[in-house]
Amino acid sequence: MALGSSVIASGASRSQLQVTLGVWRALILREAEAKLFASRVSWIWVLVEPVFHVLYLMVLYSVIRVHKVGELDTAIWVMVGLQAYFIFRKTADGVANVANDNSALFAYRQVKPIDTLIARALLEATMSVVTWLLLIALVEVWGHPFQPDYPLEMLGALAGMWLFGFGFGMIVSALTSLVRELKLLLQIVLRPLYLVSGVIFPISSLSQPIRQVLMLNPIAHGVEMARSAISRSYDAVPETDPTYLFAWAGVTVFLGLALQIRFAFRIAER
Amino acid sequence: MIIARNLSKRYVTAHGAGRWVIDDVSFTIPPRLSVGLVGSNGAGKSTLLRILAGVDKPTRGEVERRCRVSWPLGFGGGLQGTLTARQNAKFVCRIHGHEDDIPERMARIEEFAALGKAFDEPIRTYSSGMAARLRFAISLAFDFDVYISDEATSAGDAAFRKRAADEFRRRANEASVIMVSHDPGTLRKFCTAGMFLSNGKAHWFDDLEDALKAYKESTEQ
């Protein structure tokens, strides 16, 4: 978001949109550079860490436990669930903290806090695509073909998780800049999210009152949506509802943007 | 030309709204006039510079910039420690819309900063003087009409200070400076007009000497 009547140093006046797009481009390149090339092997760490996390659980589940969950190959069930969860988690985490990490950049009036948030969200989406491709190639070699019956639904579920993560991150970023103590509280509250979102155990195996409570969590919907896109024979949790996830995503993105605009200078000041 | 209309600023502290650092200040800085800001610590000099540069928002009032204004030079920040000087400089070029002529600008920055091999080392390995040189060199790669300087020319060693001052003066024909410095000599070198800040008010003097005198008198009371 550029300030009004912005003029650049070369003399030619740029439109506000040009300034903003230029800033996003610069931020994405810079973030990618800082993340991937901080040291000689950091790019391996950034890309391979999530892949290993997923592979580890895939092996654990398919060797020790059952071979099918709800008529789906366990390895694929774990991989898709985790990856869907990660795109929310990593986007939310990254977006929530990026303004704080980049506060030095607000010395340039072209850069507003929201710009760093958007750039980070786009970067997380890109990195998720790369880890997906790596994982798909690996499971193919391993003998668990990844062939979704509904690829568009799969993309839809992931887009929903990404949007929800983006909105959630924006809200957290704004609120923690107003009330710093909130950060600790959120960490405690969000820790068990991994468990209650049905990422590593099937929610459909639980009995009614508990299942209904757990399905209040929009992330659980996204996880199940992604899994049901794999195979038409998958027994998803009956309460799964794409509208529910997208409603949450829409509301949080709207609220997050509103908070970011309202408190832009407060967020930059910390 | 920079026009400030009814600027007021106060910060929010842990105990609610703080005092008015700047209290209903209006002024117009004509083109090519260099102004030195004086006042005691906490008088709001840096705050005013940040507001003029568009980095901070006034609580009330507005600033109109009818020219190309730099970011506040000399103030820490603006650089990312894990990235090299080259990467940082590239970022600044990009946000200022110089995607096409990055190589030429990089050459200018590299030459002026004169950091040698350290130019490709992460900023966190730099001494504070080296970082200040880099910041100054980056800002000189762009042709601003007004440079906002918060003790920027006091950076680096004697040789660099001289080079920076020469470069600043060379540009004095097309550009001007709005600067804060606690050294009257530095102010005299660059500025003709002065502004004296005290108790949230800004007093304008067409002659810098009068501003320095007013400041001196206020400290002697």
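Each value in this text was obtained by applying a stated rule to the coordinates, not by laboratory testing. Just so you know, these numbers come straight off a predicted model, no measurement behind them. We place every Cβ from the backbone using ideal geometry, glycine too, and count neighbours over all the protein chains shown.
Using a cut-off of under 14 Å, list every residue of segment B:26-54 whose amide N is near the label point 7 Å from the Cα of B:Arg60 along the Cα-to-beta-carbon line. In segment B:26-54, the label zone of B:Arg60 (backbone N under 14 Å from the point 7 Å along Cα→Cβ) covers B:26. As an exercise, use a Förster radius of 51 Å and the Cβ-Cβ distance of A:Glu153 and B:Lys213 to find the FRET efficiency, rounded to the nearest 0.05. After rounding to 0.05, the efficiency reads 0.10. In this calculation the C-beta distance from B:Thr82 to B:Ser40 is compared with R0 = 25 Å, giving a FRET efficiency of 0.10. Put a plus charge on the Cβ of each Lys and Arg, a minus charge on the Cβ of each Asp and Glu, and nothing anywhere else: the dipole of segment A:35-269 about its Cα centre is then about 680 debye. Taking other C-beta atoms within 10 Å as the exposure proxy, B:Lys90, B:Lys216, B:Lys189 rank B:Lys216, B:Lys189, B:Lys90 from fewest upward.
Charging the Cβ of each Asp and Glu at -1 and of each Lys and Arg at +1, and nothing else, the dipole of the protein assembly as shown about its Cα centre rounds to 860 debye.
Its relative contact order, with pairs defined as Cα atoms under 8 Å and 6+ residues apart, puts chain B at 28 percent.
Just add up the charged neighbours of A:Leu193: K/R +1, D/E -1, any other residue whose Cβ is under 12 Å from the Cβ of A:Leu193. Don't jump to the answer; show the numbers that get you there.
Numbers: positive: A:Arg89, A:Arg191; negative: A:Asp93.
Charge balance in the 12 Å sphere: +1.
Count Lys and Arg as plus one, Asp and Glu as minus one, and take only other residues whose Cβ is under 10 Å from that of B:Arg94; the net charge is then +2.
Listed by Cβ neighbour count within 10 Å, with the fewest neighbours leading, A:Phe88, B:Phe205, B:Phe136 appear as B:Phe205, B:Phe136, A:Phe88. For chain A, the relative contact order comes to 25 percent (Cα pairs under 8 Å, sequence separation of at least 6). Placing unit charges on each Cβ (+1 for Lys and Arg, -1 for Asp and Glu) gives chain A a dipole about its Cα centre, and among A:Ile171, A:Trp45, A:Ile76 the Cα reaching farthest toward its positive end belongs to A:Ile171. Cross-link partners of B:Lys9 among aspartates and glutamates, defined as those whose alpha carbon lies under 20 angstrom from its own and excluding same-chain residues fewer than eight positions apart: A:Glu269, B:Asp23, B:Asp24, B:Asp56, B:Glu62, B:Glu64, B:Asp150. Pairs spanning more than 26 Å between alpha-carbon atoms, out of B:Lys90/B:Lys117; A:Lys90/B:Lys117; B:Lys45/B:Lys216; B:Lys45/B:Lys213: A:Lys90/B:Lys117.
Considering only B:Arg94, B:Arg68, B:Arg169, the mean-square fluctuation computed in a Gaussian network model of chain B, springs between alpha carbons under 10 angstrom, is largest for B:Arg94.
The relative contact order of segment B:1-50 comes to 35 percent, based on Cα pairs under 8 Å that sit 6 or more residues apart. Cα centroid separation, segment A:81-159 to segment A:198-270: 16 Å.
Once the chain from A:Arg266 to A:Leu36 is taken as fully extended at 0.36 nm per residue, the excess over their C-alpha distance is 79.8 nm. Specify whether the C-alpha gyration tensor of chain A places it in the rounded, prolate or oblate class, a ≥ b ≥ c being the square roots of the eigenvalues: rounded for a/c under 1.5, otherwise prolate if a/b is larger than b/c and oblate if not. Judged from the Cα gyration tensor, chain A comes out prolate (a/c at least 1.5, a/b above b/c). Taking other residues whose beta carbon is less than 14 angstrom from the beta carbon of A:Ile261, and scoring Lys, Arg as +1 and Asp, Glu as -1, yields +3. How high is the FRET efficiency between B:Cys67 and A:Glu181 when r is their beta carbon distance and R₀ equals 45 Å, given to the nearest 0.05? Efficiency at R0 = 45 Å is approximately 0.55. Ranking A:Ala226, A:Tyr194, B:Trp71 by Cα position along the charge dipole of the protein assembly as shown, where only Lys, Arg, Asp and Glu carry charges on their C-beta atoms, puts B:Trp71 farthest toward the positive end. Each label was represented as a point 7 Å from its Cα along the Cα-to-Cβ direction; for A:Val48 and B:Ser128 these points are 4.1 nm apart.
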